[in-house]
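Peer 1: Below is the structure I would like to discuss, written out as structure tokens.
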Amino acid sequence: MNCRDAQPARRVRTFAAQFLAALVLVAMTAGAASAANPPSFDQVIRALTDYFKSLDDYQRSDLMNRQQVAEALEAVAKIGWNVPDAKKIVDQALPLNSFLVGELATPDGKRFMRKISKSPGTYSRLDRLSRLSQGQQVVSQMVGDVGGDVFITYLATTNSGHNLGQMMAGTPKGTDLNLPTGRIYTADDLLAVLKKAYAKEFGSR
């Protein structure tokens, strides 16, 4: 290649480098502007509320799945806050194809879900119970039986239920049903996670 051939190539490389640098600068400027003027947390709540209202037959205490959490975070991003570690937050919810999500999406499952959701801690216990040996069969039976919700509510709300939950650790593949799972099950769980993330990034606003 002679000098004449090399000059256009050098100009192209120079232009490409300048173009990439400009893109990086724009991205950094946009990020700085977003951090300087984030939406208020009240706006975040409104964005979440509007998203959940858009879902068909959804109630605030219904079990969420990963797809819904991802879409909720997208709604928040649209108002100007890209939530840090969004993928980790999404992964805290149950997958769309998980046993529990599918079980509670049936007509019987929804009736069961909306009864147990009135008491805190029921979803985590149901989740842990479904992972025990024969646990999925037990959960399916409770969902289909009249009064099946009473047992999970009993586990979550009474001292005797807590004791029984501890005893489940001695069963095959057992675990203490009282231990927190660290999962996001409901809209309120997601809101609590986002509130902490917002305070960490922006402080009190």
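Throughout, read-outs are computed from the coordinates displayed, never taken from laboratory work. Being a predicted model, the structure only gives us computed values, none of them experimental. FYI the Cβ positions are ideal-geometry reconstructions off the backbone, even for glycines, and counts take in every protein chain you see.
Peer 1: Hey, which of these cross-link pairs are over 32 Å Cα-Cα: 53/200; 53/87; 173/200; 118/196; 78/173?
Peer 2: Details: 53/200 28 Å; 53/87 23 Å; 173/200 37 Å; 118/196 24 Å; 78/173 43 Å.
As for pairs spanning more than 32 Å Cα to Cα, those are 173/200; 78/173.
Peer 1: Cβ neighbours within 10 Å, averaged per peptide: list 156-165, 103-112 in order, most packed at the top.
Peer 2: Working: 156-165: 14.8, 103-112: 16.5.
Output ranking for 156-165, 103-112: 103-112, 156-165.
Peer 1: In addition: Starting from region 45-74, pick out the trypsin sites (Lys or Arg not before Pro) whose DSSP state is loop and whose Cβ has at most 14 other Cβ atoms within 10 Å. Mind dumping the intermediate values first?
Peer 2: Details: sites: 46, 53, 60, 66; in loops: 60.
Answer by residue number: 60.
Peer 1: Please compute the length gained on full extension between residue 77 and residue 202, using 0.36 nm multiplied by the number of residues separating them and subtracting their Cα-Cα distance.
Peer 2: On the way: separation 125, 0.36 × 125 = 45.00 nm, distance 1.52 nm.
Result: 43.5 nm gained on full extension.
Peer 1: Based on alpha-carbon centroids, what's the gap between region 132-150 and region 70-95 in Å, whole number please?
Peer 2: Comparing the Cα centres of region 132-150 and region 70-95, I get a distance of 32 Å.
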